[in-house]
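Note sheet for the following structure.
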Amino acid sequence: MQTNVAEIADHIYRISTCVPDAAPGGFTFNQFLIDADEPLLFHTGPRGMFPLVSQAVARILPLVRLRWIAFGHVESDECGAMNQFLAAAPRAAVAHGALGCMVSLDDLCDRPPRRLADGEVIDLGGKRVRHIDTPHVPHNWESRVLFEESTRTLFCGDLLTHAGDGPPLTDGDIVGPALAAEEFFHATSLTIATGPTIRRLAVLEPRMLALMHGSSTRARCGESLHALAAAYEQMISQH
Ligand SMILES: [Fe+2]
Ligand SMILES: [Fe+2]
């Protein structure tokens with residue numbers, strides 16, 4: 001497996017490893033590194049990928065400089081390697097929503113995590129990230145997304161997940177491929193909150209959607225979020 005690094009916005013790097021057998025056409029596991037005064041890594045990758053991901057981070061900045069470890073929710077691809085990163089970066093701490101800390105991370109993290117309130121901002125020095133609670137969207141009670149204010153980048157985790165080893169950024173449609181992946185994985189919790197929660201993210205007017213699985217995009221961000229919400233609402237109405 002090969003791990004690729006691309007700068008997709010000013011000082012924001014996408015670290016991508018394609019696992020060929022995880023889905024038809026391959027399936028990427030992506031982490032995002034925000035290189036600021038207090039560098040933040042969004043998604044750690046699973047424990048087994050720590051050598052690949054940490055070496056990729058080290059191509060951009062020394063691992064010991066990492067200050068924040070963040071992710072969408074508690075699953076191995078999101079945070080499996082968090083304690084390995086905490087060990088490699090003595091100043092680093094996990095930052096997550098208060099509920100996720102209470103339910104899981106206060107116990108799972110080798111050092112105490114920072115608890116964030118909904119809407120709370122961490123000033124990274126050169127970049128500012130806003131924590132937004134999205135319970136059960138796309139799945140898991142403790143789910144959240146992160147919004148970087150200067151580039152208007154929405155780190156939307158598993159939302160809009162699609163298969164294939166595409167380019168770091170695409171101008172093409174990502175909603176169709178995401179709905180095909182949904183049909184394959186059935187990963188999203190379909191509840192009455194799904195559509196409204198995704199529509200609230202469109203209100204942020206993101207200029208880039210940074211996806212954990214698949215290509216990120218700067219094209220039609222709000223439109224794609226509304227289309228995704230509408231597709232889930234339709235699925236729910238058919239049940
Ligand atoms: Fe997930
Ligand atoms: Fe994921």
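Miscellaneous remarks
- Hydrodynamic analysis of region 123-193 uses the Kirkwood radius over alpha carbon pairs. Inserted into Stokes-Einstein at 20 °C and 1.002 mPa s, it gives a translational diffusion coefficient of 155 µm²/s.
- Solvent-accessible area per residue for the chain (1.4 angstrom probe, square angstrom): 41
- Share of pairwise Cα separations in region 100-223, more than 27 Å, in percent: 20
- Value of D in µm² per second that Stokes-Einstein yields for the chain, Kirkwood Rh from Cα pairs, at 4 °C (1.567 mPa s): 74
- For region 175-181, the Karplus equation 6.51 cos²θ - 1.76 cosθ + 1.60, evaluated at θ = phi - 60°, returns couplings of 6, x, x, 5, 6, 5, 5 Hz by residue, with Gly and Pro reported as x.
- Helix 221-237 and the longest principal axis of the C-alpha atoms of the chain enclose an angle of approximately 60°.
- Pairwise label distance in nanometres, Ala6 with Ala117, each label 7 Å out on the Cα-Cβ vector: 3.9
- Centre-to-centre separation between the Cα atoms of region 44-93 and those of region 215-234: 29 Å.
- Where Rh is the Kirkwood radius over Cα pairs, Rg/Rh for region 82-152: 0.98
- A Förster radius of 35 Å, combined with the Cβ-Cβ distance separating Arg152 from Asp21, puts the computed FRET efficiency at roughly 0.50.
- Share of carbon and sulfur in the accessible heavy-atom surface of the chain [1.4 Å probe, %]: 53
- Burial order of peptide ranges 117-128, 154-165 (average beta-carbon count within 10 Å, highest first): 154-165, 117-128
- Helix axis angle, 50-60 relative to the chain longest principal axis, alpha carbon, degrees: 80
- Whole-number percent relative contact order across region 124-239, with pairs defined as alpha carbons under 8 Å at least 6 apart: 28
- Counting only DSSP H runs of at least 4 residues, each contributing -39500 (n - 2.57), and dividing by the residue count of the chain, the helix-based mean residue ellipticity at 222 nm comes to -7000 deg cm²/dmol.
- Taking the average, over residues, of other Cβ atoms within 10 Å as the packing measure, peptides 174-180, 200-206 rank 174-180, 200-206 from highest down.
- Taking 0.36 nm per residue of separation and subtracting the current Cα-Cα distance, fully stretching the chain between Ser76 and Asp37 would add 11.3 nm.
The values are calculated or read from the model by the stated rules, or taken from the named source; none is laboratory data. In this text the structure is predicted, and so the values were computed from the model without any measurement. Positions of Cβ are backbone-derived with ideal geometry, glycine not excepted, and every protein chain shown enters the neighbour counts. In case anyone asks, the SASA skips ligands and DNA or RNA and just uses the protein heavy atoms, side chains included. Shrake-Rupley method; radii C 1.70, N 1.55, O 1.52, S 1.80 Å.
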